[in-house]
């Protein structure tokens with residue numbers, strides 16, 4: 001009888017331990033790679049030279065300048081404008097705050113721009129000519145495959161071509 005009792009304890013308590021420990025370890029491994037970015041903890045830096053002055057960016061994942069997947073946020077002041085430009089890869093945008101006014105194709109006037117309020121998601125194909133204006137401080141999240149590149153239609157609009165003070 002004692003032998004059967006010990007066998008029952010072994011089967012119900014001791015044998016399942018590796019399974020329980022294994023599940024716990026797997027859970028710890030998965031959560032060790034999680035990353036969270038509450039708005040108050042996001043580190044904003046000056047935007048790249050390819051964007052007009054006043055833009056701030058926060059790279060949340062990947063590197064927009066290198067091959068691979070990336071997620072970045074761009075924060076710009078009220079009235080910010082990005083002149084007509086294109087991107088060599090699809091652009092995926094989520095408006096988080098403010099209003100992102102987007103004009104596409106042949107109608108690149110602010111009066112023809114579509115107002116995209118906070119909560120809007122948009123995607124457009126590579127090579128689509130578009131221009132942007134903002135209403136209110138605006139935060140937009142970009143995500144996709146990098147490198148993220150902006151090509152201005154008019155080279156004179158490209159901030160990288162601006163004359164530097166001597």
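No lab work stands behind these numbers, since they all come straight from the coordinates. All figures in this text were calculated on a predicted structure; none of them were measured in a lab. We place every Cβ from the backbone using ideal geometry, glycine too, and count neighbours over all the protein chains shown.
When restricted to residues that are part of a strand (DSSP E or B) and closer than 19 Å to residue 34 by Cα, segment 51-76 contains 10. Taken together, the residues in segment 34-50 that are assigned to a strand (DSSP E or B) and either touching a helix residue (DSSP H, G or I) at 6+ places or on another chain (Cβ under 7 Å) or under 21 Å from residue 121 (Cα atoms) (or both) amount to 0. The residues listed here are 126, 90, 83; of these, the one that is in contact with a strand residue (DSSP E or B) (Cβ under 7 Å, 6 or more places away or on another chain) and closer than 19 Å to residue 143 by Cα is 90.
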